[in-house]
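Everything below concerns the one structure shown next.
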Amino acid sequence: MRLYDTKARAVVSVAPAGDVLKIYACGPTVYRYAHVGNLRTFLLLDLITRLAHLNGWKTSVIQNITDVGHLVDDTQVDAQGEDKILEQAKLEGKDPFAIARFYEEAFHKDLKALNVLPADVYPRASESIQLIIDLCQKLEEAGHAYVGTDGSLFFDARSFPTYGALSGNSLDHLKPGHRLEGKGGEAKRFHADWALWKNAGTDRAMTWPSPWGNGFPGWHIECSAMSLEHLGESIDVHLGGIDLRFPHHEDERAQSDSVGGLEVVKHWVHGEHLLFEGRKMSKSSGNVVLVSDLIARGFDPLALRLSFLESRYRTQLDLSWAAIAAAHKTITRWRLQLTTWRNPEVVMTPATSQAIEQGLVLLQEDLNSPALIQLLRKIEKDDALPLDQRAILFDYFDQFLGLDLTRQEVKEGSTEINELLRLREDARSRGEWKRSDELREALADLDVEVRDTATGQAWEWRS
Ligand code: AMP
Ligand code: ZN
C-alpha cells in the first residue's frame, strides 16, 4: 500500500513492521453531532483499514474520543478559554459528561450508518488523565516542559529541534503577533509554546488534581498519551483531517518524539476537506449536513459513502444533494442488478481475477477509489464479461467499498415503494387516515419506515 505522507511530502510505501498495521486516528470532539465533513475524514480510517485487510494484514486501530480540553478557540493557551463541551453543556443546560456521552453515542451510530469498521479501542481523554499526567511529568523531567507564570505546564517548542518538519512552519515564521500567540501568551516563555496542562482552579467543571494544581489537559497531549499507551513507540499511520496538520499534529509529534526519543509515527496521513455546495462544511459557514438530514430526505446513508469514494481522499470534494441523489440511484441499481447476476455455482475466470488485480493496483496507489469506481462502471457494462463474473467483481470490491451490495433491493427500483408512498400522500391529503395507516403497514413489509414531518412524509430503511 502506498499513501501520501504529509511529512515526506510524497506518496510512500506503507507496510506493517510485523504483521499488524498500527493506526491511530484523531477522533471527534463530542459536543455536537458529527457533520458529514467530519465523517469524510473518519471514513479515511476505514478505507485504510479495509485495504490493509485485503492485503492480508491485521490491524490495530485506536481512535480517541475528545471529551475534555478542546477549547473553542485553539489559540487560547490560558485556562480562561472556553471548552467546547462546557460551552455546549451550558447551552443545553446539562451536565458536561452527559453531553459528551450523548454525542459519543451519536458518533458511533453515524459510523455504523456509513459501514465504518469499529476501531479496536476508543479511549476517552477524560479516562486517560493519569496517562496524560505521567507523560507531562516525563516531559518536564526531560526538560521539554516548564511551568508558566499562570501555573500551567507548557511545552518548550525550542527544545524540539525539528519542530515544524511536519507542517512546514518554522519557529521563525511563528513570530509573536501570529494568531497562535494567543491571548494568554504572556504566561509562557515563547510564542510557539503550548499548554500541556492548564491550571484552572476548582471553580470549573471537568478538572482533575495534578502536580501543577487542579486543572485539565491541553488538547494535543491527549493524543500523544493515548497513542503511546495503546500502540507503543512505533506507530505506522497517524490520521486526521488536513486542518489537524498544524498545530495539533505538529505538537503531538514534538511531544511523542521527545519522550520516545525517536520518530514515533512513521507516516502522517491527512484527508482533505469536504465542501458543500462550494464552501467548506462548517458550523460557521452554516452549511452543516448530518447523516440524519440524508435519512430524512430518503437517502441511504451509504449513498454518502459512495459520494466520498468517488473522489480521492486527498482532494477537496464539493458535495451537493444532486451528487448524493445520483449516488443513491447508483447503489440501488447495483444492488438490484446483483440480485439477478449472482450465481453461487460459478467459478472465477482468468479475466475476472485479472480485473481484481487491476482494481487492487488502483487502491494500493494512494487509495485511488475514484478510479476503482470507474473500473466498476466499465465492468457493469462490459458485455464481454458474463453477468455472474461481473457479480463476483462487485462483491469482491464491496469488501473495500462497504456499500452493502448484497442487500436485497427489490423494492425502490421497481417503483413499488415510490408508488406506495405516493398513494399514502394522496390518502393523507384527503384525510383518509385508515388508508394511510394501511399503506404505512404495506411499506413496513418492504422494510420502509415512514415518518410524517412538517414538510411531508420522509422514509428510511428499517434497521
Ligand atoms: P472535530 O470533531 O471538530 O475535532 O473534528 C473531527 C475531524 O473532522 C478532524 O479530523 C477534522 O480535521 C475533520 N474535519 C473538520 N471539518 C471537516 C471538513 N469540512 N471536511 C473534512 N474533514 C473535516
Ligand atoms: Zn489528535
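The values are calculated or read from the model by the stated rules, or taken from the named source; none is laboratory data. Just so it is clear, the structure is predicted and the values come from calculations on it, not from any experiment. Ideal geometry is used to build each Cβ from the backbone, glycine not excepted, and the neighbour counts take in all protein chains shown. We work out accessible area using only protein heavy atoms, side chains counted, and drop any ligands, DNA or RNA first. Shrake-Rupley method; radii C 1.70, N 1.55, O 1.52, S 1.80 Å.
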Seminar exercise, completed: With all protein chains in place and a 1.4 Å probe, R342 shows an accessible area in Å² (nearest 10) of 70
Exercise. Of the beta bridges DSSP finds with both residues in segment 2-271, what % are antiparallel, to the nearest 5?
Worked result: 45
Problem set entry | Quarter of the Cα convex hull surface for segment 174-319, i.e. its orientation-mean projected area (nm²) | 12.5
Exercise. Looking at segment 281-324, what % of the alpha carbon pairs are farther apart than 16 Å?
Worked result: 41
Exercise. If the cut-off is 19 Å between C-alpha atoms, which aspartates and glutamates fall inside it for K22, apart from same-chain ones fewer than 8 positions away?
Worked result: D5, D46, D120, E222, E229, E233, D236, E252, D257, E263, D366
Seminar exercise, completed: For W208 the rounded accessible area (nearest 10 Å², probe 1.4 Å, non-protein molecules ignored) is 50
Exercise. Accessible surface of I331 in the full protein assembly, 1.4 angstrom probe, to the nearest 10 Å²?
Worked result: 0
Problem set entry | Theoretical gain in end-to-end length, V361 to S292 [0.36 nm per residue, Cα-Cα removed] | 21.3 nm
Problem set entry | Semi-axis lengths, Å, segment 336-463, gyration tensor of Cα atoms, sqrt of 5 times eigenvalues | 40, 16, 11
Problem set entry | Alpha-carbon Rg with Dmax, taken over segment 364-411, Å | 11.6, 37
Exercise. Tell me, what % of the accessible area of segment 414-461 is carbon and sulfur with a 1.4 angstrom probe?
Worked result: 47
Exercise. By the gyration tensor of its Cα atoms, with a ≥ b ≥ c the square roots of the eigenvalues, what is the shape of segment 2-271: rounded for a/c under 1.5, prolate for a/b over b/c, or oblate?
Worked result: oblate
Exercise. What share of Cα pairs, in percent, lie more than 22 angstrom apart in segment 276-401?
Worked result: 43
For this session: Compute the projected area of the convex hull of the Cα atoms of the chain, averaged over all viewing directions, and report it in nm² to one decimal place.
Result: 24.6
Problem set entry | DSSP-defined antiparallel bridges as percent of all bridges, the chain, nearest 5 | 50
Exercise. Rounded to the nearest whole Å², what accessible area per residue is found for the chain with the 1.4 Å probe?
Worked result: 43
Seminar exercise, completed: Packing-ranked peptide list from 221-228, 397-404, 277-284, 304-311, highest mean Cβ count within 10 angstrom first, is 221-228, 304-311, 397-404, 277-284
Seminar exercise, completed: Under the helix-only model (-39500 (n - 2.57) for each DSSP H run of 4 or more, divided by the residues of the chain), the mean residue ellipticity at 222 nm, to 500 deg cm²/dmol, is -13000 deg cm²/dmol
Exercise. According to a simple spin-label model (label point 7 Å from Cα along Cα-to-Cβ), what is the distance in nm between A351 and E127?
Worked result: 5.3
Problem set entry | Solvent-accessible ranking of R32, R50, largest area first, probe 1.4 Å | R32, R50
For this session: May I ask you to give the average projected area over all directions of the convex hull of the Cα atoms of segment 414-461, in nm² rounded to one decimal?
Result: 3.0
Problem set entry | V448, V346, ranked by accessible area, largest first (probe 1.4 Å) | V346, V448
For this session: Take the solvent-accessible surface of the protein heavy atoms, probe 1.4 Å, and return the percent of it on segment 6-74 that carbon and sulfur atoms account for.
Result: 51
Seminar exercise, completed: Taking the alpha-carbon centre of each part, the distance from segment 83-107 to segment 110-134 in Å is 16
Seminar exercise, completed: With +1 on the Cβ of every Lys and Arg and -1 on the Cβ of every Asp and Glu, the dipole magnitude of segment 276-401 about its Cα centre, in debye rounded to the nearest 20, is 520
Seminar exercise, completed: With a 21 Å threshold on alpha-carbon distance, the violating pairs from K58/K266; K188/K283; K90/K188 are K188/K283; K90/K188
For this session: Take the Cα atoms of segment 1-138, build their convex hull, and give its volume per residue in Å³.
Result: 151
